[in-house]
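Here's the structure, in structure tokens; my notes come after.
The values are calculated or read from the model by the stated rules, or taken from the named source; none is laboratory data. The structure presented is a predicted model; accordingly, all values stated were derived computationally and were not measured. With ideal geometry, Cβ positions are generated from the backbone for all residues, glycine too; neighbour counts draw on all protein chains shown. Protein only, heavy atoms only, side chains kept; ligands, DNA and RNA dropped before computing areas. Shrake-Rupley method; radii C 1.70, N 1.55, O 1.52, S 1.80 Å.
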Amino acid sequence: MALIVRLAMWLLLLLSAAAVAGEGRVPSLWERLQGDRLQIHGFASVTGVKTSANRFLGSTRGGAVNFIEVALNASYQFNPRILFSGQILARRAASMSNGSPVLDYGLVDVTLAETVTGRFGVRAGRLKNPLGLYNETRDVPFTRPSIFLPQVIYFDKLRNMILSTDGLMLYGDLATRYGDLSLTLGGGQAVLDENVEWVFLGANYPGKFVPHGLTWVGNLWYSAFHERLRLGLSGITSTLGYRPGQSAPDLDAGQMQISDLILSAQYNAEHWTLTSEYSRLPLEWRGFGAYFPYRKSTGEGYYLQGTYRVLPTVDLVLRYEEGFADRRDRNGVQASAALGGLIPPSDYFAKIWTFGVRWDINPQVMLRADYARHQGTYTISTRENDPAALAKDWDLFALQIAVRF
Amino acid sequence: MNSVHWWRQCATAASVLLLAQLSAPPALLAQEVIVHPGVGVTTITTNEARLYLTLRLKTWPNGVPVKVFVLPDGDPLHRRFSNTVLGLFPYQLRRVWDRQLFSGTGQAPTAVASEAEMLWRVASTPGAIGYVESVPAGASVRPLEVR
């Protein structure tokens, strides 16, 4: 663990030095790595998080630097039709993610047909799920609108379930006079981790979830007026099987159906961008045993976000989001009563105001600060919080430095 | 110093800074899209230019692979090229490149440091496309008309 922190610090230092050196006109080592066909890129970030109560990615009341992302990717354009690419990501987020390097994506992309107005192709391997505006690049600090993505849709407590799929995706792009259409459809096996149990079962039971059948994922995007307007529809549906462990007591060998549907809209002007997304998350639990409390629910989340570019290198973001564990029980009263009040109603919803500042010191180095005012704890994990001791109203403050090459 | 006076000074300084940053570059400065002579086209549409520059089209009609060269995001010529030729704000271009690069679905364009470097990289790379303020006489690149 300490090793990852030290590595990240060194990488940050090295990259910052390289970035500063790159300001002179001497091609840096990294620039030379970007060859004719082979490209190597990467990024690293270190984030300090302080909360007034509750824990989010290892935050404490005194503030803690527990959130670190380091990634290295390579791509090789074998010929104009065939691209190989892969990325290794190490992500340390307190007890939620231990910082071991994992294969984030690794794929071959084959363009089957290309004309001056469109293309059609297939990707195979470990693929990032193209959900909403941000999921494909959710771990890249430079592509996020704030330090943390809108949590009511892009849960950090449950990133792996919707992060990637081992499988195949077909894609097609078409540019017309009236706008661009882009379609992706795919299937494969969901990539899972322990957080899925914490979120959907409420604890880490002796057994584990395994993919059951195929996970389907797809999206449709329309963009017009020079990509100023972008409208999207994306979704995923997946079935997980629960395999009980050796030690009792455990749940029965149940099944869980998870789907997520996201509507996205964005308008881009020169100095500002307005973004809104809506998500619906239907869940169904079957056969986990008589004592298991959940059967069916439909999670819901939405946000409205405005970004204002004060300068080309400085922007401000303001966002309001709301999320509910079950849209038929928005104040969480029924869910709380079902567990005899053990978990407060405020753990079943979240209403969050976020204000953030981003400063790109140069093209390689970015600094960010976020302040978020939370009501409710739906977006944080029981893995790092005792659900009975959660504070309903809490604040979060985060500072981040990120480098890229 | 009383606080009202101090605030007024701050506000004046801030607005001067903002105006300096926000004022648009002179609209009359020209820019030329240039390609390697082996590319085989002399005219493309704005839509095609956008697809080539965002690396979504990877080959020229004659089958030669496309190689994109760009100046840094903050360069005035890059900003003008992006706005007037492609109809995209530089941050939109960056967003498309980053999404492709960091999801493994595409590569990034090659960044060059100056117009001089742009000229020789485009002249010496088959399939290259880039842009300059104006093409000097005798340069072995071909201007490309974008309609």
Without any contact (Cβ under 8 Å) to a residue 12 or more places away in the chain and either closer than 30 Å to B:R94 by Cα or touching a Phe, Trp or Tyr at 6+ places or on another chain (Cβ under 7 Å) (or both): is that true of A:R228 in this structure?
no
Residues of the range A:42-96 being out of contact with any helix residue (DSSP H, G or I) (no Cβ under 8 Å at 6 or more places or on another chain), within 14 Å of chain B (Cβ to nearest Cβ) and among the polar types (S, T, N, Q), which ones?
A:Q77, A:N79, A:S85
When the residues of the range A:110-135 are filtered to those that are of a type in the set (A, V, I, L, M, F, W, C) and part of a strand (DSSP E or B), which remaining residue is surrounded by the fewest Cβ atoms within 10 Å (Cβ to Cβ)?
A:A113
For the range A:186-240: of the residues being assigned to a helix (DSSP H, G or I) and among the aliphatic types (A, V, I, L, M), which is nearest to A:M169 (Cα to Cα)?
A:V196
Conditions (1) in contact with a Phe, Trp or Tyr (Cβ under 6 Å, 6 or more places away or on another chain); (2) assigned to a strand (DSSP E or B); (3) of a type outside the set (D, E, K, R); (4) open to solvent by less than 10 Å² (accessible area, probe 1.4 Å) -> A:L263 fails only (4)
Quick check: anything in the range A:142-149 out of contact with any Ser or Thr (no Cβ under 7 Å at 6 or more places or on another chain), buried (at least 19 other Cβ atoms within 10 Å of the Cβ), within 12 Å of another protein chain (Cβ to nearest Cβ) and among the charged types (D, E, K, R)?
yes
B:V35 meets each of (1) more than 11 Å from the chain's Cα centre (by Cα); (2) farther than 21 Å from A:R358 by Cα; (3) modelled with pLDDT under 95 with one exception, condition (3)
Candidates A:L163, A:L112, A:L107 - the one that is within 11 Å of chain B (Cβ to nearest Cβ) and of a type in the set (A, V, I, L, M, F, W, C):
A:L107
Condition first: more than 25 Å from A:R309 (Cα to Cα), assigned to a strand (DSSP E or B) and open to solvent by 10 Å² or more (accessible area, probe 1.4 Å). Now tell me which residues in the range A:338-373 satisfy that.
A:F349, A:K351
Output for Cβ contacts, cut-off 7 Å, separation at least six or different chains, first residue open to solvent by 40 Å² or more (accessible area, probe 1.4 Å) in the range A:308-335, second of a type in the set (D, E, K, R), reads A:Y308/A:D315; A:T313/A:D360; A:R327/A:E300
Is there a residue being without any contact (Cβ under 8 Å) to a residue 60 or more places away in the chain, within 14 Å of chain B (Cβ to nearest Cβ), open to solvent by less than 40 Å² (accessible area, probe 1.4 Å) and at positive phi anywhere in the range A:168-183?
yes
Name every residue in the range A:266-277 that is open to solvent by 60 Å² or more (accessible area, probe 1.4 Å) and either of a type in the set (S, T, Y) or under 15 Å from the mean Cα position of the chain (by Cα) (or both), in order of residue number.
A:Y267
Pick from the range A:197-228, criterion surrounded by 19 or more Cβ atoms within 10 Å (Cβ to Cβ), in contact with a strand residue (DSSP E or B) (Cβ under 7 Å, 6 or more places away or on another chain) and under 30 Å from A:D347 (Cβ atoms), ranking: nearest to the other protein chains (Cβ to nearest Cβ)
A:V217
Count of the range B:114-128 residues which are out of contact with any helix residue (DSSP H, G or I) (no Cβ under 7 Å at 6 or more places or on another chain) and surrounded by fewer than 16 Cβ atoms within 10 Å (Cβ to Cβ)
4
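Conditions (1) out of contact with any Leu (no Cβ under 9 Å at 6 or more places or on another chain); (2) open to solvent by less than 40 Å² (accessible area, probe 1.4 Å); (3) within 8 Å of chain A (Cβ to nearest Cβ); (4) of a type in the set (F, W, Y), marked per residue:
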position	(1), (2), (3), (4)
B:P37	yes, no, no, no
B:T43	no, no, no, no
B:N47	yes, no, yes, no
B:Y52	yes, yes, no, yes
B:V64	yes, yes, no, no
B:P72	yes, no, yes, no
B:R80	no, yes, no, no
B:Y91	yes, no, yes, yes
Working only within the range B:102-111, note down all residues that are open to solvent by 10 Å² or more (accessible area, probe 1.4 Å) and either within 7 Å of chain A (Cβ to nearest Cβ) or touching a His at 6+ places or on another chain (Cβ under 8 Å) (or both).
B:T105, B:Q107, B:A108, B:T110
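Which of the residues belonging to the range A:374-390 are in contact (Cβ under 8 Å) with a residue 24 or more places away in the chain and surrounded by fewer than 16 Cβ atoms within 10 Å (Cβ to Cβ)?
Passing the criteria: A:Q375, A:A388.
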Of the listed residues (B:P26, B:P65, B:P72), the one being modelled with pLDDT of 90 or more and more than 30 Å from A:L112 (Cβ to Cβ) is B:P72
May I ask you to say which residue of A:L107, A:L89, A:L83, A:L72 is open to solvent by 20 Å² or more (accessible area, probe 1.4 Å) and part of a strand (DSSP E or B)?
A:L72
